[in-house]
Amino acid sequence: QVQLVESGGGLVQPGGSLRLSCTASRSIYSINPVGWYRQAPGKERELVAGIADGGRTNYADCVKGRFTISRDNGKRTVYLQMNSLKPEDTAVYYCNMDIWGQRYWGQGTQVTVSS
């Protein structure tokens, strides 16, 4: 079993930045796909950004140019740098990792963008 622990959420004003982190309880490797999802009230969970096993990144259209996903396998951590935040980015953000065929989720971290 793998635990994913997220951190970095909070309240930020429109135009501000946050960096989310997700640390796994065991080693991860570049071959393990990772991603960040989010779920706003009354909406379905959606993919925000991901890194495929070949290292290719992909982003939802609504965050392209504003969010950046990255990983540090040595620290067993995946990051989501979020810039130019908008009120519509408000949601619970979840980390996901596919480790040797098993998908694991973090507990979620709340991001609220409001003035």
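Of all lysines in the structure, those lying under 23 Å Cα to Cα from K43, and not within fewer than 8 positions of it along the same chain, are K64, K86. Taking trypsin sites (Lys or Arg not before Pro) in DSSP loop conformation with at most 11 other Cβ atoms inside 10 Å as exposed sites, the chain has its longest uninterrupted site-free stretch at 65-115. Looking at the chain, the accessible area is 53 square angstrom per residue; that uses a 1.4 Å probe and ignores ligands, DNA and RNA.
Could you look at the chain and say what percent of its accessible area is carbon and sulfur, using a 1.4 Å probe and all protein chains? Before the final figure, lay out each step's value.
Details: 2770 of 6040 Å².
Of the solvent-accessible surface of the chain, carbon and sulfur hold 46 percent.
The string of couplings for segment 91-103 from the Karplus curve (6.51, -1.76, 1.60, θ = phi - 60°) is 4, 8, 9, 10, 8, 9, 9, 9, 10, 6, x, 9, 9 Hz, one whole number per residue in order, with x for Gly and Pro. Working note: Karplus 6.51/-1.76/1.60 with θ = phi - 60° gives segment 68-79 the couplings 9, 9, 8, 9, 10, 5, x, 9, 6, 10, 10, 10 Hz, where Gly and Pro are set to x. Taking all Cα pairs closer than 8 Å and separated by 6 or more residues, the relative contact order of the chain comes to 37 percent. Could you work out how far apart the two model spin labels at E46 and R66 are, taking each label as a point 7 Å from the Cα in the direction of the beta carbon, and quote it in nm? Here the modelled spin labels are 1.1 nm apart.
The values are calculated or read from the model by the stated rules, or taken from the named source; none is laboratory data. Here the structure is a predicted model, which means the values were calculated and not measured. Every residue, glycine among them, receives a Cβ derived from its backbone with ideal geometry; neighbour counts consider all protein chains shown. For accessibility, only protein heavy atoms count, side chains too; no ligands or nucleic acids. Shrake-Rupley method; radii C 1.70, N 1.55, O 1.52, S 1.80 Å.
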